[in-house]
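Structure record follows, encoded as structure tokens.
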Amino acid sequence: MSFNAHFFDGKTSRTHKATITASSVNWRINYLDEKSLPIEISWNPQKVRKADVYTKGLVSFMYGETFPFQKIESTDEHFIDYVNNSHEHLSSTIDVLLHKSKWRSIVLLLVGIMSIGVLSYFYVIPTMATGFATTLSKDNVVDFGAYVFRVLSTELTMNEEASKKLQDFVDEMKIDGEFRLEVFVAQSEEFNAFAISGGKIVVFSSLLEKIETKEQLAALIGHEVSHIENRHVIKNIARNFGGAIFISVLFGDINGATTVLMENAHLFSQLSFTRSLEKEADIFGLDIMRENRLDLHGMPELFEILKKETSFDVPTYLSNHPMLKDRIAYTLKVASAQGEIGKNEVLESKWKAIKEAL
């Protein structure tokens, strides 16, 4: 059986058009040299090695004990079929899949590209984004937070007197952190509080009015401080923006992603955190309360207030956040194991000052 191929003699870079007469005993390769003289060489099929080339419609083999090796490449479909069917040691699953169907290689290529894309979007990009957020300098984190706050502050009405009293309360708390904390009270019917990268916390007046004790307020502050100190906010932004950049590159709209980031800073006040980050913030908040010798029951009590004021609570498997009843359960368990509790009269007086300012 004769097949068409290209032959490399291993001595020069020249390619020779050749024919291969193949059998189970030997492969006879015939070609014309540079002087147009006929040359025939013989390969023992058992000593032929498959070259690491996986391309639709092409097979490649090497021969020889030492470098430089002889080599043949062929796009002859009959030769490809012959090798796949007659020489198992020279065939491979990849070759069979590539050459068996003219559409199979296209499908495999698309599947491969899609798989790489999915892995990149869900695993590689989040990992890189988290690393970026962790190593970002403190000054850059503060500057970014200041930019976001400038945009947000134009949309919020701040209660300056309540903000001052709340700042006094936070300054009195023992919080050993990387960032200087600045807290603000915004007049709003919305039941919300959020942290901004770099040390700023905004609490809406409607939520502050529902809080009943200094312990509940300390639980709220401690939770938000965790988001700041553990850089949860900027990690989330890096993950989300990293994904947006990835999608924009695919569709050629990198400027679109940048515009969204710069023109929608108010969306950062509505960032949701993963279940693990929220629980980490709860535990961190409990540690801050413990450091200030406050009754840890303030944390589950805060969640009870949130649960009461929230119009609905979705099942855990439908939400990225722990359900409030789950958060109540595990924080109540921690609180029940607490030892000595102090009174902290100074925080009590500052808490009363906040209520008066409201």
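Only the coordinates and a few stated rules stand behind these numbers; no lab work does. Every value quoted in this text rests on a predicted model; they were computed, and no experiment measured them. Cβ sites come from the backbone with ideal geometry, for glycine too, and all protein chains shown count toward neighbours.
Full extension of the chain between Asn192 and Arg150 gives 13.3 nm of extra length, using 0.36 nm per residue less the Cα-Cα distance.
Between Gln338 and Arg293, residue separation times 0.36 nm minus the direct Cα-Cα distance comes to 15.2 nm. Net length available on complete extension from Arg275 to Glu40 is 77.5 nm, with 0.36 nm assigned per residue and the Cα-Cα distance removed. Each residue of segment 149-156 is assigned a 3J(HN,Hα), and the resulting list reads 5, 4, 5, 5, 5, 6, 9, 10 Hz, derived from the Karplus form 6.51 cos²θ - 1.76 cosθ + 1.60 (θ = phi - 60°), x at Gly and Pro. The order of the peptides 177-188, 7-18, 215-226, 288-299 by mean Cβ neighbours within 10 Å, most packed first, is 215-226, 288-299, 177-188, 7-18. Structural descriptor for segment 1-82: relative contact order 28 percent, calculated from alpha carbon pairs under 8 angstrom and at least 6 residues apart. Around the amide H of Met173, modelled in the peptide plane, lies no amide H under 5 Å away from a residue 5 or more places distant or on another chain. When the inverse distances between all different Cα atoms of segment 136-228 are averaged and flipped, the Kirkwood radius reads 13.5 angstrom.
Computed 3J(HN,Hα) for segment 344-358, one whole-Hz value per residue from the Karplus formula 6.51 cos²θ - 1.76 cosθ + 1.60 where θ = phi - 60°, is 6, 4, 5, 4, 4, 5, 6, 5, 4, 5, 5, 4, 5, 5, 7, glycine and proline marked x. Around the amide H of Val183, modelled in the peptide plane, lie the amide H atoms of Ile201, all under 5 Å away and 5 or more residues distant in sequence or on another chain.
Considering only Cα-Cα distances, which of the following residue pairs are longer than 29 Å: Lys138/Lys210; Lys200/Lys350; Lys138/Lys333; Lys164/Lys333; Lys138/Lys307? Result: Lys138/Lys210; Lys138/Lys333; Lys164/Lys333; Lys138/Lys307 exceed 29 Å. Computed from phi, the 3J(HN,Hα) profile of segment 74-82 under the Karplus parametrisation 6.51, -1.76, 1.60 (θ = phi - 60°) reads 9, 10, 6, 4, 5, 5, 4, 5, 4 Hz, with x in place of Gly and Pro.
Distant-in-sequence amide contacts of Gln70, defined by a placed amide H-H separation under 5 Å and a gap of 5 or more residues or a different chain, comprise Tyr63.
For the peptides 346-356, 160-170, residues were scored by their other Cβ atoms within 10 Å and the scores averaged per peptide; the highest-first order is 160-170, 346-356.
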